[in-house]
Amino acid sequence: MTQNGPTRRKQGHAKNMVTYSSENTPPRYPREYESWITVKDSRRVFMRPIKPTDRNLLLDLFHRLSDQSIFLRFLEHRQELSPELLDRLTVVNYVSDFAIVATAVEKSKDHIIAVCRYHCDRDTGVAEFAIAVRDDWQGMGLGKEMVRRLIDIAKKNGIRRIEAVVNSSNKVVMKLINDLWRKSKG
Ligand SMILES: CC(C)(COP(=O)(O)OP(=O)(O)OC[C@H]1O[C@@H](n2cnc3c(N)ncnc32)[C@H](O)[C@@H]1OP(=O)(O)O)[C@@H](O)C(=O)NCCC(=O)NCCS
């Protein structure tokens, strides 16, 4: 990955590296939402819209989430993501259905360390959002930044209302939403 956008690394230079290039970019992929951010402990993270080729990276994220984070994200205990659900989570239309991922290189491999998405119901026009940050990356400012960006994207895509169904014990996400809400009111 480079400052100017992700590139494919030379073979043999970094074995097993999953990188992003125009070769695995789907039609209508909104490259304008790609960018680097620096989190609280100064690590650099690349944010971008999700792609269909992210199935394995998303599965890797799921397998690294704690049971508690899985429960708070899916509102149920879950051991696996079915192939059908993986399809739904990775193949989006970038308008009524959108997801951004945060990626980081660890031990010379790319990993998805967080994902934030909305899905807009065509009948009601209301979008529901959900987010999961890998446990060892929580508290770094990623969640707040991703939700902020997702709300901006939703607005640009004409979505007027966005909701989240959260467990009543989930004080962190409630604070995050309240903070962003207050900020948007000025
Ligand atoms: C909720 C979640 C997305 C927050 O993401 P995150 O990257 O850890 O959050 P941030 O680092 O951006 O922190 C946001 C705010 O919450 C605070 N916070 C973060 N973790 C906290 C914790 N464990 N306890 C108390 N406050 C915490 C931060 O200090 C920050 O406040 P600030 O802006 O005043 O500094 C993340 O914890 C997560 O993925 N949880 C499991 C899944 C989930 O709950 N999803 C939400 C339902 S869909």
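Annotations
- Residue within the stretch 105-114 that is exposed (fewer than 15 other Cβ atoms within 10 Å of the Cβ), within 16 Å of the ligand (Cβ to nearest atom) and closer than 26 Å to GLU76 by Cβ present: no
- Any hit, the stretch 117-127, residues being within 11 Å of the ligand (Cβ to nearest atom) and loosely packed, with under 14 Cβ neighbours inside 10 Å: no
- Hits in the stretch 28-51 (condition: more than 21 Å from ARG73 (Cα to Cα) and not in a strand (DSSP E or B)): ARG28, TYR29, PRO30, ARG31, GLU32, TYR33, GLU34, VAL39, LYS40, ASP41, SER42, ARG43
- Tallying residues that are surrounded by fewer than 17 Cβ atoms within 10 Å (Cβ to Cβ) and either more than 7 Å from the ligand (Cβ to nearest atom) or in a helix (DSSP H, G or I) (or both) within the stretch 150-166 yields 8.
- Of the residues examined, HIS77 is one that is free of Cβ contacts under 8 Å to residues at least 24 places away in the same chain, over 22 Å from ARG28 (Cα atoms) and of a type outside the set (Asp, Glu).
- Condition broken by ASP135, with the remaining ones in (1) over 28 Å from ARG44 (Cβ atoms); (2) in contact (Cβ under 8 Å) with a residue 60 or more places away in the chain; (3) in contact with a helix residue (DSSP H, G or I) (Cβ under 8 Å, 6 or more places away or on another chain); (4) of a type outside the set (A, V, I, L, M) satisfied: (1)
- Selection from the stretch 60-72 of residues that are under 13 Å from the mean Cα position of the chain (by Cα) and either more than 22 Å from ARG148 (Cβ to Cβ) or of a type in the set (Phe, Trp, Tyr) (or both): PHE62
- Of residues in the stretch 65-86 being away from the ligand (no atom under 16 Å from the Cβ) and of a type in the set (D, E, K, R), the one farthest from ASP54 (Cα to Cα): GLU80
- Test set (1) under 19 Å from PRO49 (Cα atoms); (2) part of a loop (DSSP other than H, G, I, E, B); (3) within 12 Å of the ligand (Cβ to nearest atom) - ALA130 fails condition number: (2)
- Boolean, LEU89 is touching a residue at least 12 places away in the same chain (Cβ under 8 Å), in a helix (DSSP H, G or I), within 15 Å of the ligand (Cβ to nearest atom) and over 20 Å from GLN138 (Cα atoms): yes
Read-outs: derived from the displayed coordinates by stated rules, not from any lab. Quantities reported herein were computed from a predicted structural model and do not represent experimental measurements. Note that each Cβ is placed from the backbone with ideal geometry, even for glycine, and that neighbours are counted across all protein chains shown.
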